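Undergrad: One structure, pasted below without further comment.
The values are calculated or read from the model by the stated rules, or taken from the named source; none is laboratory data. What you see is a predicted model, and the numbers here were worked out from it, not measured in a lab. Backbone-built Cβ (ideal geometry, glycine too); neighbour counts: all protein chains shown.
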Amino acid sequence: MRRRGIAVRIIGSAFAFLWLVSIFFCAALLLLGPLFGPSWKIFIDRVGETALLRICLGFLFLVVGIEILRRRAETTLGAGVPVSPQERRRQAIDILLGSLDSDREEIRAQALRYLRQLTGTDQGDEPEAWRIWWRENRSTFRFPPSRISPREPGRPHPPGEE
């Protein structure tokens, strides 16, 4: 756990450094270039304005790419312990309980079906009965091994997902 925190900080620092370097070079090309006088004019004549624009756009894409990678590193490395299948199912139950308040009957019926399937119990059709039961049992509840995934009817769970 501690190593992951250090890795996130190191990666974050490296990305911040690359981000600053790319912004610096882009600013130097666009803003400071004219201060060099005739040598700047010669540079533009040789390289061309289109090439200069491509270089600046390249730096822009580099900055965006660095930011995307930084955020991805934070979410994957910074998350700490991966979520267990049991916890994912608990989160799914929380979402399904919220779906019991839907205005659409078919959504409520699907939520009830999935609740019964995931928990292996039947608390009736009343949302409040399910909420009371879940509040009392959420932290200690162990899901029964299921053969069918509610997401894909008829398809068995992969090994380790039970």
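Undergrad: Scan the stretch 22-47 for residues that are within 25 Å of Val64 (Cα to Cα) and not β-branched (Val, Ile, Thr) and jot them down.
TA: Correct list: Ser22, Phe24, Phe25, Cys26, Ala27, Ala28, Leu29, Leu30, Leu31, Leu32, Gly33.
Undergrad: If you go through the stretch 90-128 one residue at a time, how many are in contact with a Leu (Cβ under 6 Å, 6 or more places away or on another chain) and within 17 Å of Pro144 (Cβ to Cβ)?
TA: Matching residues across the stretch 90-128 total 3.
Undergrad: Within the bounds of the stretch 104-116, is there any residue that is touching a Gly at 6+ places or on another chain (Cβ under 8 Å), surrounded by 11 or more Cβ atoms within 10 Å (Cβ to Cβ) and part of a helix (DSSP H, G or I)?
TA: Filtering the stretch 104-116 for residues touching a Gly at 6+ places or on another chain (Cβ under 8 Å) gives none.
Within the stretch 104-116, none of the residues are touching a Gly at 6+ places or on another chain (Cβ under 8 Å), surrounded by 11 or more Cβ atoms within 10 Å (Cβ to Cβ) and part of a helix (DSSP H, G or I).
Undergrad: Still on this structure, please answer the following. Examine the stretch 95-110 for a residue that is more than 30 Å from Ala16 (Cα to Cα), in contact with a Ser or Thr (Cβ under 7 Å, 6 or more places away or on another chain) and modelled with pLDDT of 80 or more, and state whether such a residue exists. Outline the logic, then answer.
TA: At the first step, the residues of the stretch 95-110 found to be more than 30 Å from Ala16 (Cα to Cα) are 95-110.
Going one step further and asking which of them are in contact with a Ser or Thr (Cβ under 7 Å, 6 or more places away or on another chain), we end up with 107-108.
Narrowing further to those that are modelled with pLDDT of 80 or more: 107-108.
Checked the stretch 95-110: at least one residue is more than 30 Å from Ala16 (Cα to Cα), in contact with a Ser or Thr (Cβ under 7 Å, 6 or more places away or on another chain) and modelled with pLDDT of 80 or more.
Undergrad: Something else about it: Tell me, yes or no, whether the stretch 36-57 has at least one residue that is surrounded by fewer than 13 Cβ atoms within 10 Å (Cβ to Cβ), assigned by TED's automatic domain parsing to the domain that holds Trp19 and under 29 Å from the mean Cα position of the chain (by Cα).
TA: Scanning the stretch 36-57, I find at least one residue that is surrounded by fewer than 13 Cβ atoms within 10 Å (Cβ to Cβ), assigned by TED's automatic domain parsing to the domain that holds Trp19 and under 29 Å from the mean Cα position of the chain (by Cα), so the answer is yes.
Undergrad: A follow-up question, please. Right, Arg72: surrounded by fewer than 11 Cβ atoms within 10 Å (Cβ to Cβ) and either of a type in the set (S, T, N, Q) or at pLDDT 70 or above (or both) or not? Let's see the steps before the verdict.
TA: Numbers: surrounded by fewer than 11 Cβ atoms within 10 Å (Cβ to Cβ): no; either of a type in the set (S, T, N, Q) or at pLDDT 70 or above (or both): yes.
For Arg72, the condition - surrounded by fewer than 11 Cβ atoms within 10 Å (Cβ to Cβ) and either of a type in the set (S, T, N, Q) or at pLDDT 70 or above (or both) - is not met.
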